[in-house]
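For reference, the structure discussed in these notes is given below.
The values are calculated or read from the model by the stated rules, or taken from the named source; none is laboratory data. As the structure is a prediction and not an experimental result, all values here were calculated from the model. Don't worry about glycine lacking a Cβ; one is built from the backbone with ideal geometry, like all the others, and counts go over all protein chains shown. Please note that ligands, DNA and RNA were not included when accessible areas were found on the heavy atoms of the full protein model with its side chains. Shrake-Rupley method; radii C 1.70, N 1.55, O 1.52, S 1.80 Å.
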Amino acid sequence: IRKGDIIVYDSGILIGMVTNTDSNSSKEILISDINFKATSKILGKDISGMAQGALGNGISLEFISQNDDVMEGDIVITKGNDLFLPGLSLGVISAVSQNESNLFKEVSVRTSLSDIDLSRVLVIGR
């Protein structure tokens, strides 16, 4: 296990990444951690953004234009033009807030972290 390795659940759900290692242990951050960021897109749509951890609120999807057609229930996946493989599941959009005075929508994504067994994960080296 090395720094930068990604952690996934066996069904393609992104869990997090390794941030530090030593001879006997490693440290990871989950996708809900505020230090987590990944380029992302909406499955089946030509809409991209930046997923950022939002602690208890799962993930915030940043840089979604007011004109972009996103809605609750849309699936968010990794885009693959950064450290992460393309097509890994980040979660499902749980809320979309639109304010015409803002350039971007506020989009919340519910992760699957609470629904899976975190004692059984895969670590994928870069």
For this session: Show the residue pairs that are 6+ apart or on different chains and have beta-carbon atoms under 6 Å apart, the first residue being within segment 39-57 and touching a residue at least 24 places away in the same chain (Cβ under 8 Å) and within 13 Å of Leu14 (Cβ to Cβ), the second being among the hydroxyl-bearing types (Ser, Thr, Tyr) and surrounded by 20 or more Cβ atoms within 10 Å (Cβ to Cβ).
Result: Ser40/Thr78; Ala51/Ser40; Gly53/Ser32
Exercise. Could you give every pair whose Cβ atoms fall below 7 Å, whose first residue belongs to segment 74-99 and is open to solvent by 30 Å² or more (accessible area, probe 1.4 Å), and whose second residue is outside any loop (DSSP other than H, G, I, E, B) and of a type in the set (D, E, K, R), counting only separations of at least 6 or pairs across chains?
Worked result: Lys79/Lys41; Val92/Arg110; Ser94/Arg110; Val96/Lys105; Ser97/Lys105; Ser97/Glu106; Gln98/Lys105
For this session: Consider Ser26 carefully, then state whether it is out of contact with any strand residue (DSSP E or B) (no Cβ under 6 Å at 6 or more places or on another chain) and either open to solvent by less than 40 Å² (accessible area, probe 1.4 Å) or within 20 Å of Ile124 (Cβ to Cβ) (or both).
Result: no
Exercise. In segment 45-62, which residue that is more than 19 Å from Leu83 (Cα to Cα) and either among the charged types (D, E, K, R) or in contact with a strand residue (DSSP E or B) (Cβ under 8 Å, 6 or more places away or on another chain) (or both) is modelled with the lowest pLDDT?
Worked result: Asn57
For this session: Would you point out which residue out of Val107, Val123 is open to solvent by less than 20 Å² (accessible area, probe 1.4 Å) and either at negative phi or of a type in the set (Val, Ile, Thr) (or both)?
Result: Val107
Seminar exercise, completed: Checked pairs for segment 7-27, first in contact (Cβ under 8 Å) with a residue 24 or more places away in the chain, second open to solvent by less than 50 Å² (accessible area, probe 1.4 Å) and among the aromatic types (Phe, Trp, Tyr), C-beta under 9 Å and 6 or more apart or across chains, list as Leu14/Phe84; Met17/Phe36; Met17/Phe84
Exercise. For segment 70-85, what are the residues that are modelled with pLDDT under 95 and not hydrophobic (A, V, I, L, M, F, W, C)?
Worked result: Gly80, Asn81, Asp82
Problem set entry | Residues within segment 8-23 that are open to solvent by less than 60 Å² (accessible area, probe 1.4 Å), under 23 Å from Ser89 (Cβ atoms) and of a type outside the set (A, V, I, L, M, F, W, C), tallied | 4
Problem set entry | Yes/no for Ile31 being buried (at least 18 other Cβ atoms within 10 Å of the Cβ) and of a type in the set (A, V, I, L, M, F, W, C) | yes
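Residues are listed down the side, and each one gets a yes or a no for (1) more than 12 Å from the chain's Cα centre (by Cα); (2) farther than 19 Å from Ser112 by Cβ:
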| position | (1), (2) |
| --- | --- |
| Asp22 | yes, yes |
| Ser26 | yes, yes |
| Ile31 | no, no |
| Phe36 | no, no |
| Leu43 | yes, no |
| Ser48 | yes, yes |
| Gly53 | no, no |
| Leu61 | no, no |
